[in-house]
Amino acid sequence: MMKKRLAFVLAVCLAGSLMGCGNSGNGGGGQSEGESSGEKKVISFYSWSENSEQDFDKAIIAQYEKEHSDVDVEEVFVPYSEYLSKMNTMAAADSMPDVFKLPEGNVLEWGSKNAVLDLAPLYEKEGINPEDTTLSSTIFKTGDSIWGVGCNVATIALYYNKDLLSEAGIEFPSTDANDPWSWDEFVENARKLTKDSSGKTPDEEGFDADNVSVYGTMMPTDWNVFIPLLYTNGAGIANEDGTELEINSEKGLEVIQAIADLAAVDQCAPSVAMAKGAFADKTTMLMNGQVAMLIDGSWSLGNYSNESFDVGVAQIPAFDHPANMSWGAGICMSTKDAENEEAFDFFRYYTDFNNAIKAANENGVALGGLPHTLDVFDGGENEKAWMSTYTNVDETANCEAFKNILQQEDTRVGENVTLKNFPVIVDNTIIPLLDNVWLGEQTAQEALQGVDVSSDLQGVWN
């Protein structure tokens, strides 16, 4: 499951502790010349993965070592809440690991301070253009420099309970990402799917909103879910160059208010309090038939598949036009590894999703995300191999839906990657204000019209 981003570290900390990393020597992580006592080349790898994600990391590392008997990859897993602090400590001590994950919102910041290795010369030496092989939204690039590449990709989708839609006589949404439901169609269908204890819908007289047995949907209140909905209405958190707030524009307010209205006006979604309480496990609620549709992350597909639940997947509903966002954690290298061919070879192996598919199939472990390597979408053997990793349910149609979402022309890299000061603007300012909207205590306009984050808007990484 894709993790949410870690909190930002202050630029002062980065500037002071990270700028000291040079470009000489082989190998990071404190290994002397990168050699082990057995004369194997040692590559250090750091990640925050746990549970099934950690099982996958171990599987692909073991696979690499099997194919490269002269290399020993020493993996270290640091708890997510401690990870960025650990990386800063290692940077200050000039002992960064050779290959390591960074949260998506930190890669370009660290790259701007030369705290991670510019990979462009290494790719050029190998005659590889990453943009020919990898989804652009998972290449962390400013100018001609490449600071990291993803190992998979995440996006947002509409999940639905097929049985509930069929019972209500609702045609399944198309897997064509260019032809999603409109927001109005989504709300109309959510109201048809909402039933009180006597089987009445909000459109029927006598509907009891206090005794609902099935909700049509849930309010998409997390920032990684409502941001792509903003994109479908030609808005975002900020404008394209990151200099003006856009969520409080007319188009932005329309989206935020429409989300709040799902519970307060349309009566087809549980309240925020219920969503954090009895309906907190939303995927289980959908599988149990207590919720019919969810706008959620691509990482949830594995949850449904592991439970042998035949869920439906489609592009998110659109206010004005089809759009979405995609992103992924960055895989980076130490600035000390500019000449470390073995470390770059492991880096390329780990960031090739075809190797992830092989590890998943041979070891029976779940994939951590969607393919970001373009030749997986070959319509042939590579694509079949990806689909075959889902062993409990035939996910062919859902994989096709996600493929279409990722390749839709208005699916863009999220502002969680590109917008400077994203957590300060969103986590510290916008989210607390939106809590009043989700609770129905203020309208979107009342909550957001006077917000001033001009001092925090510092543009985008480019």
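For Ile256, only one of the following conditions fails: (1) in a helix (DSSP H, G or I); (2) over 29 Å from Asn436 (Cβ atoms); (3) among the aliphatic types (A, V, I, L, M). What is its number?
It is condition (2) that Ile256 fails.
Going by what's in this entry, would Ile146 be described as at pLDDT 95 or above and not assigned by TED's automatic domain parsing to the domain that holds Phe344?
no
Out of all the residues in region 271-307, which are surrounded by fewer than 21 Cβ atoms within 10 Å (Cβ to Cβ), within 19 Å of Pro317 (Cβ to Cβ) and of a type in the set (D, E, K, R)?
Lys282, the sole residue that qualifies.
Got at least one residue in region 206-223 being assigned to a helix (DSSP H, G or I), out of contact with any strand residue (DSSP E or B) (no Cβ under 6 Å at 6 or more places or on another chain) and without any contact (Cβ under 8 Å) to a residue 40 or more places away in the chain?
Scanning region 206-223 turns up no residue that is assigned to a helix (DSSP H, G or I), out of contact with any strand residue (DSSP E or B) (no Cβ under 6 Å at 6 or more places or on another chain) and without any contact (Cβ under 8 Å) to a residue 40 or more places away in the chain.
For region 291-299, indicate whether the set of residues that are closer than 22 Å to Asp410 by Cα, of a type in the set (D, E, K, R) and at pLDDT 95 or above is non-empty.
Scanning region 291-299, I find at least one residue that is closer than 22 Å to Asp410 by Cα, of a type in the set (D, E, K, R) and at pLDDT 95 or above, so the answer is yes.
Out of (1) in a loop (DSSP other than H, G, I, E, B); (2) over 18 Å from the mean Cα position of the chain (by Cα); (3) polar (S, T, N, Q), the odd one out for Ser49 is which?
(2) is the only condition that Ser49 fails.
Determine which member of the set Gly105, Gly111 is under 23 Å from the mean Cα position of the chain (by Cα) and either within 22 Å of Ser298 (Cβ to Cβ) or at pLDDT below 95 (or both). Even if it seems obvious, please write down each step before you answer.
Details: Gly111 fails: either within 22 Å of Ser298 (Cβ to Cβ) or at pLDDT below 95 (or both).
Criteria check complete, one pass: Gly105.
Specify the residue that is surrounded by the fewest Cβ atoms within 10 Å (Cβ to Cβ); the eligible residues are those in region 308-365 that are within 30 Å of Leu262 (Cβ to Cβ) and among the β-branched types (Val, Ile, Thr).
Of all residues in region 308-365, those within 30 Å of Leu262 (Cβ to Cβ) come to 308-328.
Those left that are additionally among the β-branched types (Val, Ile, Thr): 311, 313, 316.
Details: Val311: 22, Val313: 25, Ile316: 27.
Looking at residues that are within 30 Å of Leu262 (Cβ to Cβ) and among the β-branched types (Val, Ile, Thr), I get Val311.
Restrict the check to region 63-80 and report whether at least one residue is surrounded by fewer than 16 Cβ atoms within 10 Å (Cβ to Cβ), of a type in the set (S, T, N, Q) and within 28 Å of Phe377 (Cβ to Cβ).
no
Kindly indicate whether any position in region 314-330 is of a type in the set (Phe, Trp, Tyr) and closer than 30 Å to Leu84 by Cβ. Reasoning before the result, please.
Within region 314-330, the subset of a type in the set (Phe, Trp, Tyr) is 319, 327.
Imposing the further condition that a residue be closer than 30 Å to Leu84 by Cβ reduces the set to 327.
Scanning region 314-330, I find at least one residue that is of a type in the set (Phe, Trp, Tyr) and closer than 30 Å to Leu84 by Cβ, so the answer is yes.
Give the number of residues within region 301-344 that are among the β-branched types (Val, Ile, Thr) and not in a loop (DSSP other than H, G, I, E, B).
Selection size over region 301-344: 3.
Across region 388-437, what is the number of residues that are aliphatic (A, V, I, L, M), closer than 30 Å to Lys141 by Cα and crowded, with 16+ Cβ neighbours inside 10 Å?
10
In this structure, does Ile237 turn out to be in contact with a strand residue (DSSP E or B) (Cβ under 8 Å, 6 or more places away or on another chain), touching a residue at least 60 places away in the same chain (Cβ under 8 Å) and buried (at least 23 other Cβ atoms within 10 Å of the Cβ)?
yes
With the requirement that a residue be assigned to a loop (DSSP other than H, G, I, E, B) and modelled with pLDDT of 95 or more, what does region 70-94 give you?
Passing the criteria: Asp70, Val78, Pro79.
Out of (1) over 28 Å from Thr155 (Cβ atoms); (2) touching a Pro at 6+ places or on another chain (Cβ under 8 Å); (3) not aromatic (Phe, Trp, Tyr), the odd one out for Met218 is which?
(1)
Being in contact (Cβ under 8 Å) with a residue 24 or more places away in the chain, outside any helix (DSSP H, G or I), among the aliphatic types (A, V, I, L, M) and farther than 30 Å from Phe100 by Cβ is the filter here; which residues of region 148-199 pass it?
Leu158, Ala168, Ala177
The values are calculated or read from the model by the stated rules, or taken from the named source; none is laboratory data. Fair warning: this is a prediction, and the values are worked out from it, not measured in the lab. Please note: Cβ atoms are built from the backbone with ideal geometry, for glycine as well, and neighbour counts cover all protein chains shown.
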